[in-house]
Amino acid sequence: MNVIAISKPYIGDEEKNAVLEVLSSGQLTQGPRTAQFEEQFAAMCGVKHAVAVASGTAALHLALLAHDIGPGDEVITTPFTFIATVSAILLTGAQPVFVDIDEETFNINPELVEAAITERTKAIIPVHLYGHLCDMPRLQAIAEAYKLQIIEDACQAFLATYQGRPAGSFGTGAFSFYATKNLMTGEGGMITTNDDEIAHRCRLLRAHGMSKRYHHERLGFNYRMGEMQAALGLVQLSRIAGFTEKRRENAAFYNAHIESVRTPVTQPDYGHVWHQYTVRINGTRSRDACMAQLNDAGIGIGVYYPIPAHQQPFMRGKAAAARLPVAEKMASEVLSLPVHPQLSRQELAHIVTEVNKL
Ligand SMILES: *Cc1c(COP(=O)(O)O)cnc(C)c1O
């Protein structure tokens, strides 16, 4: 039996030809396609600058460094995220401070943020988990009142909106183009900002802190994006509206037909981009048993994420943690179903039938 994949990158002839063109051109890095990808990406996010980098993790790391975050500083974030959000903070020498999440959206609970602010707090990293934006108006109000930076972890949320305003335009944005993301380049990432100085620093830091050839102004990295990735990204940008529409149709189909488990919500005024479609297995049912049952029916499923960041083995003593009961509960209940744009009607119907048997 063919297993329905939890995610599936779309790679058409245009993608293949675009990469071959780069190979034929001989210019494999820092060329015209990267510049063009940045320009189009910035326009789609409604921001002045986009800086292409090697990964989403690199984007988060550079965004923090560009805001001068380092040893002695604290950064408030969610424990219910992919570990890279937290690793990026630790890599700068700063300390992550975890705030619990909201049960409906799986995102950081803005009501709990203020209590976590100290003299050392420099920034908040809201993570737009699964493609639903965090409560940005409230987080922005808090950030303004306490003079904090906002760095959005928008790795799962390209083109997600609040009142039509896109992810990555509320603060400094960090995006990932890892192979499973809504827009993919295999590996890759992007930083978005309206701030000329932040963009300039990110450009310096991604290429060895180099201002002119072999003149190194700052300690930097090699976090550049290659031209093959940028070429892939440009083709994917031309498809992303269609991809997003298909994800929304798939989610709407699930919302209308799944009855056996708790389905995810989209809050009013928010445009969800459904990086993941995540249900909750609670009550007396065992999630492991449900996963096994769906696997046996040929359905690929995922758990994002089974262990909250503060409970990861390497994290002991590395974070200031308040009580985080909601994140811990969600980590034990969540189950994501395939929602990617290449699912057929029959596959969607099969998934609904099998989920309703749980
Ligand atoms: C994918 C992802 C990252 C890391 O991106 P990479 O490109 O894999 O480095 C960070 N945060 C979140 C929420 C992600 O989903």
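A Cβ distance below 6 Å, combined with a sequence gap of six or more or placement on separate chains, defines the contacts here; from segment 67-83, residues that are in contact (Cβ under 8 Å) with a residue 12 or more places away in the chain and small (Gly, Ala, Ser) reach residues that are more than 16 Å from the ligand (Cβ to nearest atom) and open to solvent by 30 Å² or more (accessible area, probe 1.4 Å) in the pairs GLY70/GLY93. The criterion of at least 3 residues that are farther than 19 Å from MET315 by Cα and either touching a Leu at 6+ places or on another chain (Cβ under 7 Å) or at pLDDT 95 or above (or both) is met, among helices (runs of 4 or more DSSP H) falling completely within segment 36-154, by 56-66, 136-146. Consider segment 149-175 and keep the residues that are open to solvent by 10 Å² or more (accessible area, probe 1.4 Å) and among the small types (Gly, Ala, Ser). The one that is farthest from the chain's Cα centre (by Cα) is GLY164.
Taken together, the residues in segment 210-241 that are within 26 Å of the chain's Cα centre (by Cα) and not in a helix (DSSP H, G or I) amount to 7.
When ALA66, ALA35, ALA42, ALA54 are screened for being surrounded by fewer than 21 Cβ atoms within 10 Å (Cβ to Cβ), among the hydrophobic types (A, V, I, L, M, F, W, C) and away from the ligand (no atom under 16 Å from the Cβ), only ALA35 passes.
Determine whether segment 285-301 contains at least one residue that is in contact with a Ser or Thr (Cβ under 7 Å, 6 or more places away or on another chain), hydrophobic (A, V, I, L, M, F, W, C), under 20 Å from ILE83 (Cα atoms) and outside any strand (DSSP E or B). Yes, there is a match, as at least one residue in segment 285-301 is in contact with a Ser or Thr (Cβ under 7 Å, 6 or more places away or on another chain), hydrophobic (A, V, I, L, M, F, W, C), under 20 Å from ILE83 (Cα atoms) and outside any strand (DSSP E or B).
Taking first residues from segment 25-41 that are more than 21 Å from THR193 (Cα to Cα) and partners that are in a loop (DSSP other than H, G, I, E, B), the Cβ contacts under 9 Å between residues at least 6 apart in sequence or on separate chains come to SER25/GLY31; THR29/ARG224; THR29/MET225.
Here VAL86 clears all of (1) surrounded by 24 or more Cβ atoms within 10 Å (Cβ to Cβ); (2) more than 16 Å from the ligand (Cβ to nearest atom) except the condition numbered (2). From the list LEU343, LEU358, LEU348, the lone residue that is of a type outside the set (Ser, Thr, Tyr) and not in a loop (DSSP other than H, G, I, E, B) is LEU348. Somewhere in segment 184-198, is a residue farther than 28 Å from SER25 by Cβ, within 15 Å of the chain's Cα centre (by Cα) and modelled with pLDDT of 95 or more? Scanning segment 184-198 turns up no residue that is farther than 28 Å from SER25 by Cβ, within 15 Å of the chain's Cα centre (by Cα) and modelled with pLDDT of 95 or more. Within segment 264-284, work out how many residues are at positive phi and either free of Cβ contacts under 8 Å to residues at least 24 places away in the same chain or not in a loop (DSSP other than H, G, I, E, B) (or both). So the answer is 1. Pairs under 8 Å by beta carbon, first residue open to solvent by 60 Å² or more (accessible area, probe 1.4 Å) in segment 137-148, partner assigned to a loop (DSSP other than H, G, I, E, B) and not small (Gly, Ala, Ser), six or more apart or different chains? Qualifying pairs under 8 Å: TYR146/ILE117.
Pairs are defined by a Cβ separation below 8 Å, a sequence spacing of at least 6 or placement on different chains, a first member in segment 165-179 that is assigned to a loop (DSSP other than H, G, I, E, B), and a second member that is within 12 Å of the ligand (Cβ to nearest atom) and among the β-branched types (Val, Ile, Thr); the pairs so defined are GLY171/ILE151; PHE177/THR185. Considering segment 89-105, the residues that are hydrophobic (A, V, I, L, M, F, W, C) and open to solvent by less than 30 Å² (accessible area, probe 1.4 Å) include one that is nearest to VAL265 (Cα to Cα), namely ILE101. Quick one: ALA331 ticks every box in (1) small (Gly, Ala, Ser); (2) under 18 Å from ILE83 (Cα atoms); (3) open to solvent by 20 Å² or more (accessible area, probe 1.4 Å) except a single one, so which number is it? Result: ALA331 passes all but (3).
The values are calculated or read from the model by the stated rules, or taken from the named source; none is laboratory data. Everything numeric in this text was worked out from a predicted model, so none of it was measured. Cβ sites come from the backbone with ideal geometry, for glycine too, and all protein chains shown count toward neighbours. Ligands, DNA and RNA are stripped out before the accessible areas are found, and what is left, the full protein with its side chains, is counted by its heavy atoms. Shrake-Rupley method; radii C 1.70, N 1.55, O 1.52, S 1.80 Å.
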